[in-house]
Amino acid sequence: MKLFRTLAISGAMVVALVTGTAAPASADAYSYNGYGSVNFQSSGDYITLTHYTYDPYPGYYASYAEWYTDYGRTGICGDNIGGRLGCNEDVAEKRWISIRVCTRYGVFNAVTCGDWDTSRT
């Protein structure tokens, strides 16, 4: 029974990772576009960017996070070709931040972005 439960939990985790349907439990804001994801954690003002498709040739697939606040600050976190990357942005407390993940493929292709998500800082 314990083995069956372990396999069921592992299978659910694999499905969530492969399909990208599960937002991190601790994320205050989350965006996903099929190639990568980004989340914002208000405790520490930390943005975590994950790019799911590793491409060893620079200039091909790469993901980055765009963000802006309700008081005029904007920024970009990373240019990630594979794996996970973090940015520690010092934003004002008790304000709002919006984030989204974008992925570019080469110079001539359109950028694919996820939906904006907004959170309290």
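Per-structure values
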item	result
Condition met for residue 99 (surrounded by 11 or more Cβ atoms within 10 Å (Cβ to Cβ), closer than 13 Å to residue 27 by Cβ and out of contact with any helix residue (DSSP H, G or I) (no Cβ under 8 Å at 6 or more places or on another chain))	yes
Flag if residue 73 is in contact (Cβ under 8 Å) with a residue 24 or more places away in the chain and among the basic types (Lys, Arg)	no
Matching strands (runs of 3 or more DSSP E) fully within the stretch 34-96 where at least 3 residues are within 16 Å of the chain's Cα centre (by Cα) and crowded, with 17+ Cβ neighbours inside 10 Å	36-41, 46-51, 61-69, 74-80
Selected residue [at pLDDT 95 or above and over 20 Å from residue 115 (Cβ atoms)] from 5, 84, 73	73
Qualifying positions in the stretch 97-121 - assigned to a strand (DSSP E or B) and of a type in the set (D, E, K, R)	100, 104, 117, 120
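The values are calculated or read from the model by the stated rules, or taken from the named source; none is laboratory data. Computed from a prediction, not measured in an experiment: that's the story for all the values here. When we count neighbours, we look across all protein chains shown, and the Cβ atoms used for this are built from the backbone with ideal geometry, even at glycine.
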